[in-house]
Amino acid sequence: MAIWHLKPTIENLKDRSKGTLVEHIGIEFLEIGEDYIKAKMPVDKRTIQPYGILHGGASLVLAETLGSVAATLCVDTKKERCVGLEINANHVRSVSSGYVYGVTRPIHTGRTTHIWEINISDQDDNLICVSRLTLAVVKNES
């Protein structure tokens, strides 16, 4: 069963990302399923740390992007918005080239809070990072 208040297209998400950190580091949305969103991010000079491996902060940018976008798609944005409260991550394995792929799915989509799990894997489907994002659902200010 679909969870989206209004299911956008990949093109909609791409347009909303123009001029933002998402575009700057090369995150690309790939799929919008019934209860998940998938995106990829390059492992390159924009996203690596000095040791030549994916920066943990870049993984968190991908995770927060996916979870925040997904949560926002579950609410009526004319009345509400979702804002981050907490994010955590466990970095399981390093990666030094190619792309990483993030998939977010809801753990809880309540009236006042959302919790989203984001799994990030490499091109060979090896788990790189597990993240959990908690968001508050707040009324839009008039």
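The values are calculated or read from the model by the stated rules, or taken from the named source; none is laboratory data. Given the structure is predicted, the values throughout are model-derived calculations rather than measurements. Note that we place each Cβ from the backbone using ideal geometry, even for glycine, and neighbour counts take in every protein chain shown.
Go through the residues of the range 121-133 one by one and say whether even a single one is in a helix (DSSP H, G or I) and touching a residue at least 40 places away in the same chain (Cβ under 8 Å). Checking the range 121-133: not a single residue is in a helix (DSSP H, G or I) and touching a residue at least 40 places away in the same chain (Cβ under 8 Å). Scan the range 93-112 for residues that are in contact with a Leu (Cβ under 9 Å, 6 or more places away or on another chain) and either in contact (Cβ under 8 Å) with a residue 60 or more places away in the chain or surrounded by 14 or more Cβ atoms within 10 Å (Cβ to Cβ) (or both) and the total you get is 7.
For first residues located in the range 27-38 and surrounded by 21 or more Cβ atoms within 10 Å (Cβ to Cβ), partners that are not hydrophobic (A, V, I, L, M, F, W, C) and lie 6+ apart or on another chain with Cβ distances below 6 Å form the pairs ILE27/THR65; ILE37/THR104. Exactly one residue out of VAL69, VAL61 is more than 22 Å from THR9 (Cβ to Cβ) and touching a helix residue (DSSP H, G or I) at 6+ places or on another chain (Cβ under 8 Å): that is VAL61.
Give the number of residues within the range 17-46 that are among the basic types (Lys, Arg) and over 15 Å from ILE120 (Cα atoms). Summing the residues that are among the basic types (Lys, Arg) and over 15 Å from ILE120 (Cα atoms) in the range 17-46 gives 3.
Just to be sure before I move on: is ASN126 surrounded by 13 or more Cβ atoms within 10 Å (Cβ to Cβ), closer than 19 Å to ALA58 by Cβ and modelled with pLDDT of 95 or more in the structure I sent? In short, no. A residue that is more than 30 Å from GLU141 (Cβ to Cβ) and free of Cβ contacts under 8 Å to residues at least 12 places away in the same chain cannot be found anywhere in the range 2-20.
Please go through (1) in contact with a strand residue (DSSP E or B) (Cβ under 6 Å, 6 or more places away or on another chain); (2) more than 18 Å from PRO42 (Cα to Cα) for ILE118 and return the number of the only condition it doesn't satisfy. All conditions pass for ILE118, except number (2). The number of residues in the range 74-130 being among the acidic types (Asp, Glu), closer than 24 Å to GLU31 by Cβ and under 18 Å from the mean Cα position of the chain (by Cα) comes to 3.
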